[in-house]
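J.: Okay, handing you the structure first.
The values are calculated or read from the model by the stated rules, or taken from the named source; none is laboratory data. Because the structure is predicted, anything quoted here is derived from the model rather than measured. Cβ placement follows ideal geometry from the backbone for every residue including glycine, while neighbour counts extend to all protein chains displayed. In case anyone asks, the SASA skips ligands and DNA or RNA and just uses the protein heavy atoms, side chains included. Shrake-Rupley method; radii C 1.70, N 1.55, O 1.52, S 1.80 Å.
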Amino acid sequence: TPPDLIRNFCIIAHIDHGKSTLADRMLQITGVVQERDMRAQYLDRMDIERERGITIKSQAVRIPWEASGTTYCLNMIDTPGHVDFTYEVSRSLAACEGAVLLVDAAQGIEAQTLANLYLAMENDLTIVPVLNKIDLPAAQPEKYAEELAGLIGCDPADVLKVSGKTGAGVEELLDEIVTKLPAPVGNADAPPRAMIFDSVYDTYRGVVTYVRVVDGQLNPRERIQMVSTKATHELLEIGVISPEPEPAKGLGVGEVGYLITGVKDVRQSRVGDTVTSARDGATSALGGYRDPKPMVYSGLYPIDGSDYPILRDALDKLKLNDAALVYEPETSAALGFGFRVGFLGMLHLEIVRERLEREFDLDLISTLPSVVYDVTLDDGRVVVVTNPSEFPEGKIASITEPVVRATILAPSEFIGSIMELCQSRRGMLRGMDYLSPERVEMRYTLPLAEIVFDFFDALKSKTRGYASLDYENDGEQVADLVKVDVLLQGDKVDAFSTIVHKDKAYSYGVMMATKLKDLIPRQQFEVPIQAAIGARVIARETIRAIRKDVLAKCYGGDISRKRKLLEKQKEGKKRMKMVGSVEVPQEAFIAALSQD
Ligand code: GTP
């Protein structure tokens, strides 16, 4: 396809404003998916996405559209909306010339609407403002068209109004994409250069790499080279997705598609790298992506220690599909061999863990998540701590913690409760603007550790679900932090150590000691549980001794029932971890993770 007939666009929106539904309608209206094959959230290919009704991975699909007698080739990239996946969004944006900015006509602008709009503007994309869900009785298209027009500086009459559900206005939107977005520009005669914006591992075909061609042409059977690693491969197959993979004769300037080289080694195909031809290829890479910086670290351990190699392999494969994932081996006295894994946020952690368990059939324990602290010792050395149990012993001069710039959008009646909440999380109000008399935007600086775990839930409950939140990194600040250890019978349980603000150490200690007292079954001997800062004990509980006799419950002599109970106990044993001489059930670790 010649570049002037190509339009590359993505759909960006706040979570639940209807991107995936609109994408479905586009697939249907353009005839790419037949009526009988249609299913909701067509492009969300992972089970976990469909079950949760959220998009995690971006998806690229090619759709034909006829406007004023000419057939254009549109490449649509569906993107995730949750703040943890902003990194996915930014990669998709780099492969496009334009963005459809979708806003729910019953809700108006939300925090991620702003965040995604700013990302699109940084990437110099042409914005097509669209109000969605106009079929809803509660929709206020006129009011929100004005709000949206005010935000991006256009005429309210230029805001399109559609319904992804009924299909109203979607054809007009496709026309608008053709007329308003610029065609891709590139040098067709130059050596090929294509940007890798995603890749996945396929059990049968090896690594599948998604690219956007910027210059030249890529052809099947030719040898290609990855510019940064210099690795060369033969192109076994090249094609487009529409909506299933279809081999093509080649990909030219502006086209979006996939490459298969038969390579099984996942590290060979780095997202952000440039693909060129092995002979007389381009020497300069396209501007890559910023490497995402993990915000939260947690230890992941197989419950069955012999699964460790499977976990390592699983992480390698997942990394290919999730460039934001970082990990390195780690050992814990309580949990054995595992990995320290970095995540973009708690949802990312949950999803990665669930994917590992489902796609690779693993049973995992994850430890208390932690942000990254820089600890400066008295002798000037700086230790980067991603695992509280590695907190340095010696004399400490200062500790810094990461902070974020948070934006909260909410009805103005909630200003008081939001301020109260932010204050309790050590927040600093930076500014406040009224978007309209009844909607307010509040900007805060908050410690990442205070916001990343349960802040959003707290915010939602204080605002009856009406507030939305977005945040981005804003450097570090010095803070009065301490490490709290938890000891069982005098033995430190490394997985339970945490770093908290001094004012919250006591309540953490009491909470953990009480929780563990309920979670750890009685043993043959008395087990003291202590929480301590250094050598100073700040909380203590005791689990009293008991002789555990599972058969005591079995009156009568039903031998098969007795055998069953013994079997069950053996099964239970496998899920126990020994801490010194104390047996800790896996549930204790899982429950310790849950924040309440
Ligand atoms: P994420 O992928 O998680 O970011 O969400 P999304 O923006 O893709 O939203 P999705 O398409 O999953 O839609 C969210 C909800 O809104 C679903 O329950 C849809 O059925 C509903 N919805 C989407 N579009 C419309 C619409 O035009 N009208 C109505 N009434 N409901 C809609």
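J.: Of a type in the set (Val, Ile, Thr) and more than 16 Å from the ligand (Cβ to nearest atom): does that describe residue 126?
T.: Yes: the conditions hold for residue 126.
J.: If you scan the range 425-440, which residues turn out to be touching a residue at least 60 places away in the same chain (Cβ under 8 Å) and not small (Gly, Ala, Ser)?
T.: The answer is 426, 435, 439.
J.: Could you tell me whether the range 407-416 includes any residue that is among the aliphatic types (A, V, I, L, M) and assigned to a helix (DSSP H, G or I)?
T.: Scanning the range 407-416 turns up at least one residue that is among the aliphatic types (A, V, I, L, M) and assigned to a helix (DSSP H, G or I).
J.: Something else about it: Could you please tell me which pairs satisfy a Cβ distance under 9 Å, a separation of 6+ or placement on different chains, a first residue in the range 362-384 that is under 14 Å from residue 398 (Cβ atoms) and touching a residue at least 24 places away in the same chain (Cβ under 8 Å), and a second residue that is buried (at least 19 other Cβ atoms within 10 Å of the Cβ) and among the acidic types (Asp, Glu)?
T.: Between residues of the range 362-384 that are under 14 Å from residue 398 (Cβ atoms) and touching a residue at least 24 places away in the same chain (Cβ under 8 Å) and residues that are buried (at least 19 other Cβ atoms within 10 Å of the Cβ) and among the acidic types (Asp, Glu), the close pairs are 373/401; 374/401.
J.: Cβ-Cβ distance below 7 Å, separation of 6 or more or different chains: which pairs start in the range 3-22 with a residue that is hydroxyl-bearing (Ser, Thr, Tyr) and end on one that is within 9 Å of the ligand (Cβ to nearest atom) and modelled with pLDDT of 85 or more?
T.: What qualifies is 21/164; 21/165.
J.: Next question. Condition test on residue 403, is it in contact (Cβ under 8 Å) with a residue 12 or more places away in the chain and in contact with a helix residue (DSSP H, G or I) (Cβ under 8 Å, 6 or more places away or on another chain)?
T.: yes
J.: Limited to the range 130-164, what total is found for residues that are within 16 Å of the ligand (Cβ to nearest atom), among the hydrophobic types (A, V, I, L, M, F, W, C) and over 16 Å from residue 436 (Cα atoms)?
T.: 9
J.: Could you check how many residues of the range 519-546 are within 33 Å of the chain's Cα centre (by Cα) and more than 26 Å from residue 448 (Cα to Cα)?
T.: 2
J.: Please return the ranges of strands (runs of 3 or more DSSP E) entirely within the range 463-548 where 1 or more residues are on the phi > 0 side of the Ramachandran plot.
T.: Those strands (runs of 3 or more DSSP E) span 468-478.
J.: Can you pull out every residue in the range 442-458 that is part of a strand (DSSP E or B) and open to solvent by less than 30 Å² (accessible area, probe 1.4 Å)?
T.: Selection gives 442, 444, 445, 446, 447.
J.: If you don't mind, there's one more thing I want to ask. Quick one: residue 461 ticks every box in (1) open to solvent by less than 30 Å² (accessible area, probe 1.4 Å); (2) within 30 Å of residue 150 (Cα to Cα); (3) of a type in the set (S, T, N, Q) bar one, so which box is it?
T.: Checking residue 461 against (1) open to solvent by less than 30 Å² (accessible area, probe 1.4 Å); (2) within 30 Å of residue 150 (Cα to Cα); (3) of a type in the set (S, T, N, Q), the one that fails is (1).
J.: Could you identify the single residue in 330, 350, 357 that is under 21 Å from the mean Cα position of the chain (by Cα), closer than 27 Å to residue 272 by Cβ and of a type in the set (Asp, Glu)?
T.: Exactly one of 330, 350, 357 is under 21 Å from the mean Cα position of the chain (by Cα), closer than 27 Å to residue 272 by Cβ and of a type in the set (Asp, Glu), namely 350.
J.: Of all residues being among the aliphatic types (A, V, I, L, M) and within 16 Å of the ligand (Cβ to nearest atom) in the range 165-187, which is farthest from residue 140 (Cα to Cα)? Just the residue, please.
T.: The selected residue is 174.
J.: Related question: Could we say that residue 75 is at pLDDT 90 or above, crowded, with 23+ Cβ neighbours inside 10 Å and either near the ligand (Cβ under 9 Å from one of its atoms) or not hydrophobic (A, V, I, L, M, F, W, C) (or both) here?
T.: For residue 75, the condition - at pLDDT 90 or above, crowded, with 23+ Cβ neighbours inside 10 Å and either near the ligand (Cβ under 9 Å from one of its atoms) or not hydrophobic (A, V, I, L, M, F, W, C) (or both) - is met.
J.: What pairs come up if the first residue lies in the range 304-326 and is polar (S, T, N, Q), the second is modelled with pLDDT of 85 or more, and their beta carbons are under 9 Å apart, counting only those six or more places apart or on different chains?
T.: Once the first residue is polar (S, T, N, Q) and sits in the range 304-326, its partners that are modelled with pLDDT of 85 or more give 321/355.
J.: Please work out if residue 396 is of a type in the set (Val, Ile, Thr) and open to solvent by 50 Å² or more (accessible area, probe 1.4 Å).
T.: yes
J.: Can you spot a residue in the range 115-122 that is modelled with pLDDT of 80 or more, within 11 Å of the ligand (Cβ to nearest atom) and either polar (S, T, N, Q) or part of a strand (DSSP E or B) (or both)?
T.: Looking for residues that are modelled with pLDDT of 80 or more, within 11 Å of the ligand (Cβ to nearest atom) and either polar (S, T, N, Q) or part of a strand (DSSP E or B) (or both), one finds at least one in the range 115-122, hence yes.
J.: With the requirement that a residue be farther than 22 Å from residue 118 by Cβ, in contact (Cβ under 8 Å) with a residue 24 or more places away in the chain and either open to solvent by less than 60 Å² (accessible area, probe 1.4 Å) or among the small types (Gly, Ala, Ser) (or both), what does the range 136-175 give you?
T.: Matches in the range 136-175: 138, 139, 141, 162, 163, 164, 167, 168, 169, 170, 173, 174.
J.: Something else now. May I ask you to list the residues in the range 187-204 that are closer than 23 Å to residue 252 by Cβ and open to solvent by 40 Å² or more (accessible area, probe 1.4 Å)?
T.: 187, 188, 189, 191, 193
J.: If you don't mind, there's one more thing I want to ask. Out of the residues in the range 19-64 that are open to solvent by 60 Å² or more (accessible area, probe 1.4 Å), modelled with pLDDT under 60 and closer than 25 Å to residue 113 by Cβ, state the one that is nearest to the ligand (Cβ to nearest atom).
T.: 52
J.: Sticking with this structure for a sec: Hey, can you tell me all the residues within the range 261-306 that are at pLDDT 90 or above and open to solvent by 30 Å² or more (accessible area, probe 1.4 Å)?
T.: 297 - this is the single residue of the range 261-306 that is at pLDDT 90 or above and open to solvent by 30 Å² or more (accessible area, probe 1.4 Å).
Residue-by-condition table, conditions (1) open to solvent by 30 Å² or more (accessible area, probe 1.4 Å); (2) basic (Lys, Arg):
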| residue | (1), (2) |
| --- | --- |
| 317 | yes, yes |
| 324 | no, no |
| 354 | yes, no |
| 384 | yes, no |
